[in-house]
Structures are given as C-alpha cells and as structure tokens.
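Student: First the structure, which I've put down as structure tokens, then a few questions once you've had a look.
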Amino acid sequence: MREQLLRYAADYAAAEDQLIGSGDGRSSIHFPSVFLFIGDRMNPVMNTIADINRTKWDNSTGVTYIQIGSQEEHAAVDRSVDAIVHTIAVPEESGHQTIRRDLHQAFYTHESQLIELNTALRRASGHLADYGRLYSSFERVHLSILTTADDPMNVLIPEITLLAEYIFAQSFKSVQMDLYVLVNESDQAVQFGYSSATSVAFMRELDYIQSPEYTFTAPLHMTEDKLTIPVTHAPSPLFDLVYVLSDKNERGVTVPNSLRESCDIICHIQLLKNRYQAGDSYRSQDGGYNNTSFKNNIMTESGRQGYVSAGFSRVNRPNQSIALTVLYHFYVKLLERMRTEQEWDIRDKLNYFGLDAAERGHTRNDLVPGNEAITDMSALMTSGASYG
C-alpha cells in the first residue's frame, strides 16, 4: 500500500508540474528575446539556458541563441542547441599577456571576419522574424549578452553589442540590452593570478562603458562589398542593466551546481522583465516588477548606474504532500463515518437493495407480459382469466 501511495503522489506531482503554465500565458515572454554568448566557455551555459527555457517558457521555440567564440574551441564542440555560431580566429602569435590586445586589433584588421559577423547577426534578425507569430508584440527586442569575467574575448563586447543593436534596430523600434557577467571564483586553481587580473581588468572596462559619458564610434557595419557604415553610441551607459553573478554566495561559500543556479537566475530575470500579461497590453498595474523603478533604486549617489547581483530562492508547490494529505483526510473521514453510522434494521436493508415486497412486485410485473399478449386466445376461453 505504501508503494501505491508514493506512486500516486509522484504521478499527481508530475501531472501538476506539466499543467502549470501550459498555454495560459503565465510562462510566455511578451517581446522577442535574443541570448548572445561571448567567449569560449559559454557552450555549457548556452545549453543549460536553452534547456531551462524549453521547460519554463511556452513560446521558447522563438528564442534566438548566438554564440561567438574562437575557431579552435568551436571546432571541437558538439552542440545540442539550434544556435547561430560565429567564430573569431585568435592570432597565432598571441600569448596570455597580449591576447586581449591582439584580439581587439585583429577584429578591425581582418575585414572578412567583420563581414561574417555582420552576416551572422543579420541571420539572427531574420530568425526572429520567422518566429514573430509566437510573440504578443514585435516592437522591442530583448538582447541579453552573457560572458565570463576572465574570458579574453570580452574585450570585444562593445563592438559586438553595438553592431547587434544596430542590425536589430533596423527591424525593431527599440533594443533593450542587458549584460550578464559570470564570475568563476572557485575554478582558479591553475591560473588564479592571470584569471583574477583579467577579471579585474574587465570590471574596470565595465565601469568605463557603463559611465554616463561613454561614447563610441567605429566602422562596424560592413557589407559583402566591404562598404562600411559607422556605428555610433551617444553619451550614455552601454547596457540597461549589468548583472554580476558569482559561483559563491554572500557568505563566500561555493554554491552547489552553481552553473545551473546562475542560468536559472538569468532565465527568471528575463521572464520577470519580459513576461506576457494576460488581459493587458504589456505593463501590469497590480504592483508587479517595474524595471525603471528598480534602476533608479540601485543608482549611486554620484549618478552612476549600479551593478546587480542576485540570489535565487525557489518556492515550489508541494504537490506530493498535498496529494498525500488530501488522501489521508479522506481516509480518516471515511473511517470515522463508517464507525459512527447507526446499524440498519432488516427493513431498511431490504429497502436499500430493492428487496422489499413493493419493489419485488414492480419487478415481477415488469417481467410478466400484459393481457394484450393473450387477446387472440379469448375466443377459446369460456371465462376471463389473466395471463398470471
């Protein structure tokens, strides 16, 4: 019996988890969403985020994934996600100390790579258009850039981000860009000095590109005929918000399965900022999340935009406990009723089962045919008699 009860509770919980958010808009995103992964260690991050989105979002089919890394890394990766992949070749003469500088210089000197990047981003824009029917609105696109703090390729984040914004802006009225930086504090056993120095250098660059005075102009938009159009960024922070997520919690303790936890946070933040609200055009007026208010609350006294860090507190509906609790109370009430029920006498029992004299008479009459069955025999009878 115990095994049957546990099996029943597990089946009920699985059915409820599958039912929640299925087709009712509670787990659908409103505007198109793009995830742009920059760096050579982003492949497991992309796979995990795509897996979470498939599980939690009703319209996850229309989400676009773009991965940009080195040519050597991508050649050995077996991808399970339908992603648009672009490779940037690392200069062969680069060493650890000069790889970021060499990558930045090679990005501008190799025109063929820039043309291929333009082509990949345009293909991503077309992918969004193909799945536009899955979204409630096509006026805005949410562009999420993900990287690790110690990856040398993050030196190209301003160029790649602004080029993507320029191309997406040709199809959308606005592009909202957020940056997610993953900090791997516990995975620095071999090159802890270089990794820490690279992370600090990137955070200083991040302070610069998020300053209110940040401007940028570069000939990034290039056609196949090598015609260039400058991409310009007016004085303002590059990203709407920057999220810095570590594999350690606020007490300095390494979080178990930290990659999954960080990806879960990113997907829930996206759903929080881009959730479809049933019965409303977009904004919910019931006191829900307001991105503008959140930005103003984390602004520093000097007017600079602060960074966001987050933990994840998960609250799940205890479906198995609910199923077993309901079954327990049903059993207790039924047992109590059976014990307190008064004993029936013989007449009540016969009435309940339809065995009393009146009910037997009705049953007998239904079985015996009426007098019309012997009408043709009336001429042979000297006196009237019923069939019975």
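The values are calculated or read from the model by the stated rules, or taken from the named source; none is laboratory data. Note that the structure is predicted; figures quoted are calculated from it, not measured. Don't worry about glycine lacking a Cβ; one is built from the backbone with ideal geometry, like all the others, and counts go over all protein chains shown. Just so you know, the surface numbers come from the protein's heavy atoms only, side chains and all, with ligands and any DNA or RNA stripped out. Shrake-Rupley method; radii C 1.70, N 1.55, O 1.52, S 1.80 Å.
Student: Would you calculate the separation in nanometres between label points at residue 105 and residue 309, each defined as 7 Å from the Cα along the Cα-to-beta-carbon direction?
Tutor: Distance between the two pseudo-spin positions: 3.6 nm.
Student: Moving on. Given 365, 127, 272, which one lies farthest toward the positive end of the charge dipole of the chain, if we put +1 on the Cβ of every Lys and Arg and -1 on the Cβ of every Asp and Glu?
Tutor: 365
Student: With +1 assigned to the C-beta of every Lys and Arg and -1 to the C-beta of every Asp and Glu, and no other charges, what is the dipole magnitude of the range 200-267 about the Cα centre in debye, to the nearest 20?
Tutor: Rounded to the nearest 20 debye, it is 180 debye.
Student: With point charges of +1 on the Cβ of Lys and Arg and -1 on the Cβ of Asp and Glu, referenced to the Cα centre of the chain, which listed residue (69, 176, 195) lies farthest in the positive direction of the dipole?
Tutor: With unit charges placed on the Cβ atoms, the residue in question is 176.
Student: Given a Förster radius of 51 Å and the C-beta distance between residue 58 and residue 93 as r, what FRET efficiency does 1/(1 + (r/R0)^6) yield to the nearest 0.05?
Tutor: Computed FRET efficiency for residue 58 and residue 93 comes out at 0.55.
Student: Shifting gears a bit: Using unit Cβ charges (K, R positive; D, E negative) and no other charged atoms, how large, in debye to the nearest 20, is the dipole of the range 93-227 about its Cα centre?
Tutor: Here the range 93-227 has a charge dipole of around 380 debye.
Student: What distance in nm separates the simple spin-label points at residue 371 and residue 234, each placed 7 Å from Cα in the Cβ direction?
Tutor: Placing both labels 7 Å beyond Cα along the Cβ direction yields 10.4 nm.
Student: Additional query: Give the angle, between 0 and 90 degrees and rounded to the nearest 10, that separates the Cα long axis of helix 258-273 from the longest principal axis of the Cα atoms of the chain.
Tutor: 80
Student: Angle check, please: helix 2-19 long axis (alpha carbons) against the longest principal axis of the chain (alpha carbons), in degrees 0 to 90, nearest 10.
Tutor: 60
Student: Give me the angle, in degrees from 0 to 90, between the Cα long axis of helix 111-130 and the longest principal axis of the Cα atoms of the chain, rounded to the nearest 10.
Tutor: Helix 111-130 sits roughly 20 degrees off the main axis of the chain.
Student: How large is ³J(HN,Hα), in whole Hz, for each residue of the range 238-253 in order, when computed from phi with the Karplus curve 6.51 cos²θ - 1.76 cosθ + 1.60 and θ = phi - 60°, using x for Gly and Pro?
Tutor: 5, 10, 5, 9, 10, 10, 10, 10, 9, 8, 10, 7, 5, 9, x, 9
Student: For the chain, which whole-number percentage of the solvent-accessible area (1.4 Å probe, protein heavy atoms only) is attributable to carbon and sulfur atoms?
Tutor: 52
Student: Once the piece of chain linking residue 248 and residue 346 is laid out straight, how much longer is it, given 0.36 nm per residue of separation minus the C-alpha distance between them?
Tutor: Working it through step by step, the gained length comes to 27.8 nm.
Student: Can you tell me the FRET efficiency between residue 362 and residue 337 if r is taken as the Cβ-Cβ distance and R0 is 30 Å, rounded to the nearest 0.05?
Tutor: 0.45
Student: If you don't mind, there's one more thing I want to ask. Tell me, what HN-Hα J-couplings in whole Hz come from the Karplus equation 6.51 cos²θ - 1.76 cosθ + 1.60 at θ = phi - 60° for each residue of the range 36-49, using x for Gly and Pro?
Tutor: Listing the rounded values in order: 10, 9, 10, x, 7, 10, 8, 4, x, 5, 5, 4, 5, 5 Hz.
Student: So how strong a dipole does the chain carry about its Cα centre when Lys and Arg Cβ are +1 and Asp and Glu Cβ are -1, to the nearest 20 debye?
Tutor: 760
Student: While we're here: In nm, give the distance between the simple-model label positions of residue 136 and residue 203, each being 7 Å from the Cα along the Cα-to-Cβ direction.
Tutor: According to this spin-label approximation, the distance is 3.8 nm.
Student: What label, among (i) 41; (ii) 62; (iii) 53, belongs to percent of Cα pairs over 31 Å apart computed from the structure on display?
Tutor: Of the labelled values, this structure produces (iii).
Student: Would you compute, from DSSP H runs of 4+ residues alone, the mean residue ellipticity of the chain at 222 nm, taking -39500 (n - 2.57) per run and dividing by the full residue count, rounded to the nearest 500?
Tutor: Helix contribution divided over all residues of the chain: -13500 deg cm²/dmol.
Student: Could you sort the peptides 153-165, 296-308, 83-95 by per-residue average Cβ neighbour count (10 Å cutoff), highest mean leading?
Tutor: Packing proxy ranking, top to bottom: 153-165, 83-95, 296-308.
Student: Could I ask something else about it? For the pair residue 122 and residue 295, what calculated FRET efficiency results from E = 1/(1 + (r/R0)^6), where r is the Cβ-Cβ distance and R0 = 51 Å, to the nearest 0.05?
Tutor: 0.95
Student: Take every Cα pair under 8 Å in the chain that's 6+ residues apart, average their separations, divide by the length, and report that relative contact order as a whole percent.
Tutor: Computed over the chain, the figure is 17 percent.
Student: Once you have a ≥ b ≥ c as the square roots of the Cα gyration tensor eigenvalues for the range 93-162, tell me rounded if a/c is under 1.5, and otherwise prolate or oblate according to whether a/b is larger than b/c.
Tutor: prolate
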